[in-house]
Amino acid sequence: MRPFLSFPLAFIILFLGLPVRAEASLFTLRKMPSSEMVTLISFFAVLLIFFSIDIKSRIRIDDERWHVQLFEWVSRIGGVSTAIALTLGWVDLFLPDEGSIIHVAFVAVPGSIGVFAAIVLGLEMLWQRDDDSAD
């Protein structure tokens with residue numbers, strides 16, 4: 001496995017506490033009670049506000065530098081995936097805990113993509129500082 005792919009996988013496993021079945025070698029998720037889902041939805045709402053501010057603050061210029069376009073797309077993908085996770089978590093909140101049609105993974109996977117995108121955009125600040133000092 002490539003090193004850049006192993007970090008997101010390890011992050012998902014450690015962050016969400018996903019136990020791994022050795023005999024089936026598939027990921028299984030624990031049930032998430034409504035109280036924990038409310039906390040997760042609140043986190044996604046704050047993260048979505050972050051992405052909306054980030055996208056609105058970007059000035060659209062035809063810049064050919066690859067990292068400017070990369071961070072712009074990371075912000076868009078993170079915002080969309082966080083919105084999906086927030087919507088699915090909100091719908092799941094009103095469904096009964098037993099026999100819910102929305103599996104925890106449907107909330108966890110796009111939410112983890114959003115968190116990873118936020119981390120990448122946090123690293124962008126270091127990149128911008130290097131660009132500003134070079135000018």
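The values are calculated or read from the model by the stated rules, or taken from the named source; none is laboratory data. Values in this document were obtained by computation on a predicted structure and should not be read as measured data. So basically every Cβ, Gly included, is an ideal-geometry build from the backbone, and we count neighbours across all protein chains shown.
Answer yes or no as to whether V107 is buried (at least 16 other Cβ atoms within 10 Å of the Cβ), modelled with pLDDT of 90 or more and in a helix (DSSP H, G or I).
Considered against the rule, which asks whether it is buried (at least 16 other Cβ atoms within 10 Å of the Cβ), modelled with pLDDT of 90 or more and in a helix (DSSP H, G or I), V107 comes out as no.
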Test for W90: is it in a helix (DSSP H, G or I), over 15 Å from the mean Cα position of the chain (by Cα), at pLDDT below 80 and of a type in the set (F, W, Y): no
Pairs, first in contact (Cβ under 8 Å) with a residue 60 or more places away in the chain in the range 86-100, second surrounded by 14 or more Cβ atoms within 10 Å (Cβ to Cβ) and basic (K, R), C-beta under 6 Å, six or more apart: none
Some residue of the range 64-71 being within 22 Å of F44 (Cα to Cα) and part of a helix (DSSP H, G or I): yes
Boolean, S52 is in contact (Cβ under 8 Å) with a residue 24 or more places away in the chain, part of a helix (DSSP H, G or I) and surrounded by fewer than 16 Cβ atoms within 10 Å (Cβ to Cβ): yes
